[in-house]
Amino acid sequence: MSRAAGIALAVAVASAWSAAGAAGHVDPAHVARAHAGSVGLANAARVAGAPAEVATVDVRILGHDSRSAGIRNAGIRDVGFLDAAQEPTQHTIEIVSIRPHDGDAFTQGLLLHEGRLFESTGRRGTSTVREVDPVSGAVLRQQALPASDFGEGLARVDDRLIQITWQAGIAHVWDLESFAPRTTFAYEGEGWGLCYDGARLAMTDGGSRLIFRDPATFAELGRVTIWLRGAALRRVNELECVGDRVWGNVWFEDFIVAIDPVTGNVTDIVDASALMERIRTEYPTHPSNVLNGIAFDPDTGHWLLTGKLWPELYEVRFVPVGAAPSATPVGPATPSATPVLDATPTATATPLSTATATPTATEPASLWMPFAWKGR
């Protein structure tokens, strides 16, 4: 089926579906199945105003199946995508400043709020939620997680911080100002990245989907498959919600992606290999080459990037390929006047035990590299 025919079929079915729903003739168990070329039927149904009752759509796009796209009153679950051939906009990074970072921090979540930097760190027995001086890198205060929990993504919702865990199935809710525990939420599966777009939480679990959750109850609202050039993209890790995009690191990769949360398309790719190269060059014995930690500064339009156990944090600009770089020289950040509780962190990272990660047969080999690793 041609793309044009696919569009026509998808819109026709969705429109008929919408009309039937308006007339009260939609069975909640109704199943509509169609091949819609390179246009997800679920998306067309959404545009046409599909009813709130659950319906199941089978959308096959360039040989990739996106099954069980249930349409709910909270949105569409497990949708297809609008344009499989979309080529992401390419960016490089320009380093604005280089700042100290705790080399013992196994960074899993990073966010800025009103100039204050909050961080989630991982590894069982040493996981924390902490506030960090954004310039000196000193830890201002922190709260330890239970020893059995492995801290992961972090999001701020009003006066709360929500911190997910890797395999415990628990999300901890902390008071923003005191770090006192507020409550916990339970969820199924793994927890990787988390961010808040002002209306709902976006979460990853190591698979190829963004999962949307209610910020008050943590109930799942829907999900969308993440697509990069027609293939499902797995292992999107630490997340940052900015505007109408979800930005994320990709585990074991030196690039950052921007995801359209409606279609799941990767719309932008940021080449951050310069930071990886700096770590390898300046710290040749450093045990970690995993980029993780991304926070947007709305006051400057810059980003803060770091990695797991990295002794440095970088203030950067994302520069579209072909654009002229800034003339601003790179140098250390201006020292903060904020008093700190801890001394400036050491640049020496704690050595890791070895455990070789093994890719599964269904994942692209390009997303893996041989690496001695413990944990995630």
Requested in this report: For the stretch 142-151, indicate whether the set of residues that are of a type in the set (D, E, K, R) and either part of a strand (DSSP E or B) or on the phi > 0 side of the Ramachandran plot (or both) is non-empty.
Outcome: no
Query raised in the report: Of all residues in the stretch 117-131, which are surrounded by 20 or more Cβ atoms within 10 Å (Cβ to Cβ) and not in a strand (DSSP E or B)?
Result: Gly122, Arg123, Ser127
**Report entry** Residues within the stretch 118-131 that are touching a residue at least 60 places away in the same chain (Cβ under 8 Å), more than 16 Å from Asp205 (Cα to Cα) and either in contact with a Phe, Trp or Tyr (Cβ under 9 Å, 6 or more places away or on another chain) or outside the structural domain of Asp297 (by TED's automatic domain parsing) (or both), tallied
**Finding:** 2
Report summary line: Subset of the stretch 132-175, residues free of Cβ contacts under 8 Å to residues at least 24 places away in the same chain and either surrounded by 20 or more Cβ atoms within 10 Å (Cβ to Cβ) or outside the structural domain of Ala295 (by TED's automatic domain parsing) (or both), comes to Ala168
Query - Selected residue (criterion: nearest to the chain's Cα centre (by Cα)) from residues of the stretch 280-297 that are in a loop (DSSP other than H, G, I, E, B) and closer than 18 Å to Val270 by Cα - result: Val290
Query raised in the report: Out of the residues in the stretch 100-116 that are assigned to a strand (DSSP E or B) and surrounded by fewer than 21 Cβ atoms within 10 Å (Cβ to Cβ), which is nearest to the chain's Cα centre (by Cα)?
Result: Leu112
**Report entry** Output for the stretch 173-190, where each listed residue is part of a strand (DSSP E or B) and within 18 Å of Glu119 (Cβ to Cβ)
**Finding:** Val173, Trp174, Asp175, Pro181
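Kindly indicate whether Thr217 is buried (at least 18 other Cβ atoms within 10 Å of the Cβ) and assigned to a loop (DSSP other than H, G, I, E, B).
Values: buried (at least 18 other Cβ atoms within 10 Å of the Cβ): no; assigned to a loop (DSSP other than H, G, I, E, B): yes.
When the stated conditions are applied, Thr217 does not pass them.
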Requested in this report: Go through the stretch 269-282 and count every residue that is under 30 Å from Phe212 (Cα atoms), touching a residue at least 40 places away in the same chain (Cβ under 8 Å) and either among the hydroxyl-bearing types (Ser, Thr, Tyr) or surrounded by fewer than 19 Cβ atoms within 10 Å (Cβ to Cβ) (or both).
Outcome: 1
**Report entry** Arg182 being of a type in the set (Lys, Arg), in contact with a helix residue (DSSP H, G or I) (Cβ under 7 Å, 6 or more places away or on another chain) and either surrounded by 14 or more Cβ atoms within 10 Å (Cβ to Cβ) or modelled with pLDDT of 95 or more (or both)
**Finding:** no
Query raised in the report: If you check Trp227 against the conditions, is it over 21 Å from Ile162 (Cα atoms), among the aromatic types (Phe, Trp, Tyr), assigned by TED's automatic domain parsing to the domain that holds Leu161 and crowded, with 23+ Cβ neighbours inside 10 Å?
Result: yes
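The values are calculated or read from the model by the stated rules, or taken from the named source; none is laboratory data. These figures come from a predicted structure and were not determined experimentally. Note that we place each Cβ from the backbone using ideal geometry, even for glycine, and neighbour counts take in every protein chain shown.
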